[in-house]
Amino acid sequence: MPAYLRWVNRGLGRQAAAVAYTLGLTPGAVTAASALVSLAAIVVLVTAPLPGTWAVLASVLLLVGYALDSADGQLARLTGTASRAGEWLDHVVDAVRLPLLHAALAWALIRIDAPAWSVAVALAFAVLASSWFFSQTLAEKLAPPERSASDAPAWVSFVKLPYDTGTLYLLVIALIWLPAFLVLYTALFAGTLVVAAGSLRRKYRMLAEQPAP
């Protein structure tokens, strides 16, 4: 797993799950909180004056939502209330959150008169995020389990850091200075596109080797 998710977000999610447990919250309530906090960040991006320090608030809200996204599953395991419905709801929120964020970034770029090509990059990123998430999720259901990510050496997690969702959320802060954001965001899109293409090819070949259902 990417470094931020592996060593930072899961730890934050564990603490959030402990707080939710003491408050008597259900995993579904934590999932809803994750969705609402992420939505608040998106509202900031599409309405607040940019570029400016509002970008910091949006980034923090996205990271809080990301931590809560980890907390719901940990709370479900802690309380013995894990269910297929809960897993489905978590995936639905994930499937909406990332494409919606890129769409919000596209709108933010339009509002601050960024170059048209940067808006196109954001919209393309939305399509890429949605299609890759769907293909990864479906492949997990169709293929036998792969080796656990915890078995991989630590350096692999740092190699994967550029396309960690947490990296994208942190990158939102760069909206304070538009030229830096455009360079970093475009580089992140290009890198994610290359990685996604390789991942899709590997998943297809793996599934092609499986017996027909």
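Before moving on, here are some points about what is shown:
- Considering residues of segment 202-213 that are exposed (fewer than 10 other Cβ atoms within 10 Å of the Cβ), outside any helix (DSSP H, G or I) and of a type outside the set (A, V, I, L, M) only, the residue modelled with the highest pLDDT: GLU209
- Among the candidates SER130, SER70, residue that is out of contact with any Gly (no Cβ under 9 Å at 6 or more places or on another chain) and either open to solvent by less than 20 Å² (accessible area, probe 1.4 Å) or in a helix (DSSP H, G or I) (or both): SER130
- Per-region count, segment 100-127, residues at pLDDT 95 or above, open to solvent by 30 Å² or more (accessible area, probe 1.4 Å) and part of a helix (DSSP H, G or I): 10
- Hey, SER135 under 14 Å from the mean Cα position of the chain (by Cα) and among the hydroxyl-bearing types (Ser, Thr, Tyr) or not: no
- Residues in segment 1-39 that are open to solvent by 40 Å² or more (accessible area, probe 1.4 Å) and within 19 Å of ALA106 (Cβ to Cβ): LEU39 only.
- Just one of (1) open to solvent by 40 Å² or more (accessible area, probe 1.4 Å); (2) closer than 23 Å to ALA104 by Cα fails for VAL44. It is (1).
Matching residues to (1) closer than 25 Å to VAL96 by Cα; (2) open to solvent by 40 Å² or more (accessible area, probe 1.4 Å); (3) modelled with pLDDT of 90 or more:
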{"position": "SER135", "(1), (2), (3)": "yes, no, yes"}
{"position": "TYR163", "(1), (2), (3)": "yes, yes, no"}
{"position": "TYR185", "(1), (2), (3)": "yes, no, yes"}
{"position": "LEU193", "(1), (2), (3)": "yes, yes, yes"}
{"position": "LEU200", "(1), (2), (3)": "yes, yes, yes"}
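- Residue check for ALA29: in a helix (DSSP H, G or I), free of Cβ contacts under 8 Å to residues at least 60 places away in the same chain and out of contact with any Gly (no Cβ under 7 Å at 6 or more places or on another chain): yes
- Any chance LEU36 is assigned to a loop (DSSP other than H, G, I, E, B), out of contact with any helix residue (DSSP H, G or I) (no Cβ under 6 Å at 6 or more places or on another chain) and of a type in the set (A, V, I, L, M): no
The values are calculated or read from the model by the stated rules, or taken from the named source; none is laboratory data. Here the structure is a predicted model, which is why all the values come from computation and not from measurement. Reconstructed Cβ throughout: ideal geometry from the backbone, glycine too, with neighbour counts over all protein chains shown. We work out accessible area using only protein heavy atoms, side chains counted, and drop any ligands, DNA or RNA first. Shrake-Rupley method; radii C 1.70, N 1.55, O 1.52, S 1.80 Å.
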